[in-house]
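The numbers here are math on the coordinates, done by the rules we state, and not lab data. This one's a predicted model, so the numbers in the text were calculated from it and none came from an experiment. Reconstructed Cβ throughout: ideal geometry from the backbone, glycine too, with neighbour counts over all protein chains shown.
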Amino acid sequence: MPEANNPLEKFRISLVTSAFSKREDGNMSLSYGDTKHSLENRQKFLSSIGIDYKNIVGSKQIHGKEVRYIKDDYRGKGALNYDSSIPDTDGLMTDRKGLPLIILTADCLSVFIYDPKKPAVALLHAGWRGTLKNIACEGVKALQEKFGSSPQRLFVGFGPSIRSCCFEVEKDFKTDFPFGLVVRDGRTYMDIALTNKQQLINCGVQEKNIFDPEICTFSQNQDYFSFRKEGDKSGRMISVIMLKP
Ligand SMILES: [Zn+2]
């Protein structure tokens, strides 16, 4: 049985299931990499954490900042084929119990958010483009607007992503990202997770309520898919969050 990595584990939240897969769990994408066994991989990984793979809701991720409210009638969208995925969406949120939301990544950051008061959950896809659009803050604002969530009470966990050890960017990133950049030997590197962390703090989330597992997909490529390391062949990890039924 695969080990489920639970980014919200630290907060001892018993009402939520959250996890991200690893390389050993196989490719989870229905559109990228070798998709031959993707449905089987999803079924195996998700059933190990009590989720029926036919119920998940996924989107066509476009590195935007749209955060969409997911209702019960969206159940299964993107579960069995890519075409049925919710279009042009990089953030999903719901207050529905037993409705699992997913994001697929290989280097990009998945951001898991839980509001214990409503309760409600959100899951965001944040690559550098989504981070530039501040999707983290968009997610917090969407929860505030839809459910009256207080940012101070939110719990946030991160999935694995490419980090400043490995992600070299152009120097002009400095004007776009006032934090999360590291300069080494005259080269500029970005840490997507650190940038998102600061963006979340800036929109009211408490630092102590943010958990970063500090995993670099590129350096730890034996355990995680990395698009920058593997190119078009790269598979995708699945991130999933669900309010327990
Ligand atoms: Zn690295």
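Provide a single number: the residues in the range 167-182 that are farther than 26 Å from I113 by Cα and within 16 Å of the ligand (Cβ to nearest atom). The total comes to 3. For K44, the criteria (1) touching a residue at least 40 places away in the same chain (Cβ under 8 Å); (2) buried (at least 19 other Cβ atoms within 10 Å of the Cβ); (3) outside any strand (DSSP E or B); (4) not acidic (D, E) hold in every case but one, which is (2). Condition first: acidic (D, E), within 16 Å of the chain's Cα centre (by Cα) and either crowded, with 24+ Cβ neighbours inside 10 Å or within 27 Å of N55 (Cβ to Cβ) (or both). Can you find one or more residues in the range 93-107 that meet it? The answer is yes, given that some residue of the range 93-107 is acidic (D, E), within 16 Å of the chain's Cα centre (by Cα) and either crowded, with 24+ Cβ neighbours inside 10 Å or within 27 Å of N55 (Cβ to Cβ) (or both). The residue list V182, V240, V140 contains one member that is among the hydrophobic types (A, V, I, L, M, F, W, C) and either touching a helix residue (DSSP H, G or I) at 6+ places or on another chain (Cβ under 6 Å) or loosely packed, with under 14 Cβ neighbours inside 10 Å (or both), which is V140.
Going by the structure shown, is Y114 assigned to a strand (DSSP E or B) and within 15 Å of the ligand (Cβ to nearest atom)? Steps first, please.
Working: assigned to a strand (DSSP E or B): yes; within 15 Å of the ligand (Cβ to nearest atom): no.
So Y114 fails the test.
Looking for whichever is touching a strand residue (DSSP E or B) at 6+ places or on another chain (Cβ under 8 Å) and not aromatic (F, W, Y) here; the options are D72, D83, D25, D34. Which one fits? Result of the check over D72, D83, D25, D34: D25. The number of residues in the range 213-234 being within 13 Å of the ligand (Cβ to nearest atom) and over 13 Å from L104 (Cα atoms) comes to 12.
Before we move on, is T217 under 17 Å from the mean Cα position of the chain (by Cα), farther than 29 Å from Y82 by Cα and among the β-branched types (V, I, T)?
Details: under 17 Å from the mean Cα position of the chain (by Cα): yes; farther than 29 Å from Y82 by Cα: no; among the β-branched types (V, I, T): yes.
Against the criterion (under 17 Å from the mean Cα position of the chain (by Cα), farther than 29 Å from Y82 by Cα and among the β-branched types (V, I, T)), T217 does not qualify.
Between R187, R129, R153, the distinction of being under 19 Å from the mean Cα position of the chain (by Cα) and touching a residue at least 12 places away in the same chain (Cβ under 8 Å) belongs to R129 only.
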